[in-house]
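Visitor: Sharing a structure below in structure tokens format, with a few things to ask.
The values are calculated or read from the model by the stated rules, or taken from the named source; none is laboratory data. No experiment lies behind these values; they were computed from the predicted model shown. We place every Cβ from the backbone using ideal geometry, glycine too, and count neighbours over all the protein chains shown.
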């Protein structure tokens with residue numbers, strides 16, 4: 001009886017320990033994401049363009065753009 | 001070379017703010033920042049006009065002129081962009097811009113503003129095109145995808161025009177001729193002190 005009771009307590013504590021560890025793991029996983037702000041990126045992810053690339057023209061008159069111009073004439 | 005411009009037809013804008021919402025959603029713009037805003041003059045009175053405003057990508061951009069760290073640059077398409085890794089959040093560009101385009105994400109302890117954020121003409125920034133880093137810092141890069149800014153593309157009344165300045169000016173001129181009355185270009189009389197003859 002006594003042994004079973006102790007076993008139940010141990011089981012319950014085990015569950016709480018697992019819950020605590022899980023919470024800590026989840027917090028650790030979330031922390032880097034929360035640290036990412038919209039105005040900075042982790043150094044590993046940064047891939048800067050060269051001076052020539054960054055001022056290069058991006059605009060192209062694609063079918064998509066031509067459709068925009070056409071529908072704006074209505 | 002095409003010169004990218006925005007042009008808002010004040011006769012058509014119905015102040016629905018869909019351009020504002022679309023911009024915020026497309027670029028996951030941080031809390032407290034609106035890269036685009038709808039301004040209404042004479043609200044509720046005869047002659048009420050609304051106009052959608054964002055960075056005008058000035059030819060001689062005052063924000064770039066006052067920046068102490070030279071974080072601004074102009075692309076070959078005449079889009080004014082900035083490098084958030086260089087920005088020190090001093091706020092000079094905010095004071096210099098006549099349109100209130102530069103915004104700051106935070107007002108924290110000791111007045112920390114964070115890095116400046118503004119309309120990128122959906123052209124991203126100095127990170128590689130359509131990379132995750134570019135999206136995190138500047139939002140999506142629709143221009144590199146062969147598209148135009150989302151605010152203009154989804155405008156329900158076609159009030160907001162974007163694209164090659166020559167083409168959208170022609171579209172606007174056709175509209176004015178069809179209407180049969182003055183250009184209605186917002187700010188025209190302020191700038192030129194006369195009614196334009198079209």
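Visitor: Mind checking whether some residue in the range B:48-62 is out of contact with any strand residue (DSSP E or B) (no Cβ under 7 Å at 6 or more places or on another chain) and surrounded by 13 or more Cβ atoms within 10 Å (Cβ to Cβ)?
Guide: yes
Visitor: Another question about this same structure. Please specify each residue of the range A:53-65 satisfying the condition of being closer than 19 Å to residue B:138 by Cβ and more than 7 Å from chain B (Cβ to nearest Cβ).
Guide: Hit for the range A:53-65 is A:53, nothing else.
Visitor: Can you tell which of B:155, B:151, B:87, B:122 is touching a residue at least 60 places away in the same chain (Cβ under 8 Å), under 23 Å from residue B:31 (Cβ atoms), within 10 Å of chain A (Cβ to nearest Cβ) and buried (at least 19 other Cβ atoms within 10 Å of the Cβ)?
Guide: Numbers: B:155 fails: under 23 Å from residue B:31 (Cβ atoms); B:151 fails: within 10 Å of chain A (Cβ to nearest Cβ); B:87 fails: touching a residue at least 60 places away in the same chain (Cβ under 8 Å).
One residue alone meets the criteria, B:122.
Let's see how each residue does on (1) out of contact with any helix residue (DSSP H, G or I) (no Cβ under 8 Å at 6 or more places or on another chain); (2) under 25 Å from residue B:76 (Cα atoms); (3) modelled with pLDDT under 75; (4) not in a loop (DSSP other than H, G, I, E, B):
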| site | (1), (2), (3), (4) |
| --- | --- |
| A:8 | yes, no, yes, yes |
| A:17 | yes, no, yes, yes |
| A:24 | yes, no, yes, yes |
| A:34 | yes, no, yes, yes |
| A:56 | yes, yes, no, no |
| A:66 | yes, yes, no, yes |
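Visitor: Any idea which of (1) more than 8 Å from chain B (Cβ to nearest Cβ); (2) more than 17 Å from residue B:130 (Cβ to Cβ); (3) modelled with pLDDT under 95 is the one residue A:50 doesn't satisfy?
Guide: Only one criterion is unmet by residue A:50, namely (2).
Visitor: Go through B:63, B:71 for me and flag whichever is under 27 Å from residue A:44 (Cα atoms) and away from chain A (no Cβ under 11 Å).
Guide: Selected residue: B:71, the only one of B:63, B:71 that is under 27 Å from residue A:44 (Cα atoms) and away from chain A (no Cβ under 11 Å).
Visitor: Here is a further query. Taking residue B:20 as meeting all but one of (1) on the phi < 0 side of the Ramachandran plot; (2) part of a loop (DSSP other than H, G, I, E, B); (3) under 14 Å from the mean Cα position of the chain (by Cα), write down the number of the exception.
Guide: Tallying (1) on the phi < 0 side of the Ramachandran plot; (2) part of a loop (DSSP other than H, G, I, E, B); (3) under 14 Å from the mean Cα position of the chain (by Cα), residue B:20 fails exactly one: (2).
Visitor: Just name the residue that is nearest to the other protein chains (Cβ to nearest Cβ) out of those in the range B:126-139 that are surrounded by 20 or more Cβ atoms within 10 Å (Cβ to Cβ) and part of a loop (DSSP other than H, G, I, E, B).
Guide: Result: B:126.
Visitor: Right, another one. Filtering the range B:75-84 down to residues that are at the interface with chain A (Cβ under 9 Å from one of its Cβ atoms) and under 14 Å from residue B:118 (Cα atoms), which residue is surrounded by the most Cβ atoms within 10 Å (Cβ to Cβ)?
Guide: Checked the range B:75-84; the qualifying residue surrounded by the most Cβ atoms within 10 Å (Cβ to Cβ) is B:79.
Visitor: What tally of residues in the range B:87-125 results from selecting those that are part of a helix (DSSP H, G or I) and under 18 Å from the mean Cα position of the chain (by Cα)?
Guide: Qualifying residue count, the range B:87-125: 4.
Visitor: Turning to a different aspect of this structure: Do we have any residue at all in the range B:162-173 that's modelled with pLDDT of 95 or more and in contact with a helix residue (DSSP H, G or I) (Cβ under 6 Å, 6 or more places away or on another chain)?
Guide: Yes; the residues of the range B:162-173 include at least one that is modelled with pLDDT of 95 or more and in contact with a helix residue (DSSP H, G or I) (Cβ under 6 Å, 6 or more places away or on another chain).
Visitor: Go through (1) outside any strand (DSSP E or B); (2) more than 24 Å from residue A:45 (Cα to Cα) one by one and return the number of the condition residue B:5 breaks.
Guide: The one condition residue B:5 does not meet is (1).
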